[in-house]
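In what follows, a structure is listed as structure tokens, so that the remarks can point back to it.
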Amino acid sequence: MSDHFFDATRCDRCGGDLSTGRIMSMFNTEVICMACKEKERQRPDYRQALQADRDAIRRGDRNFPGIGMKKT
Ligand SMILES: [Zn+2]
């Protein structure tokens, strides 16, 4: 986990307050709020992002940056 994850006070994506919760994006390295996380979950390629992340962990890649946010 990067220092940015703990240091960030604003959502990297929408600029929203992170005091109610923060989480790493499943698509890239942004630290996002729970509202943005919920939007990620609803993306059609969320499963793909999740699977890619699991695959990276399985092969010991701790710095996997994610599959990126494609335009939907
Ligand atoms: Zn946000």
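Some notes on this structure:
- Any chance residue 13 is within 14 Å of the ligand (Cβ to nearest atom) and of a type in the set (Lys, Arg): yes
- Hits in the stretch 20-70 (condition: of a type in the set (Gly, Ala, Ser) and within 10 Å of the ligand (Cβ to nearest atom)): 25, 35
- Criterion violated by residue 2 - all others in (1) exposed (fewer than 14 other Cβ atoms within 10 Å of the Cβ); (2) out of contact with any helix residue (DSSP H, G or I) (no Cβ under 7 Å at 6 or more places or on another chain); (3) at pLDDT 95 or above satisfied: (3)
- Residues (within 25 Å of residue 16 (Cβ to Cβ), at pLDDT 95 or above and not in a helix (DSSP H, G or I)) located in the stretch 35-72: 42, 43, 44, 45, 66, 67, 68
The values are calculated or read from the model by the stated rules, or taken from the named source; none is laboratory data. For clarity, every value in this text was computed on a predicted model and none was experimentally measured. We place every Cβ from the backbone using ideal geometry, glycine too, and count neighbours over all the protein chains shown.
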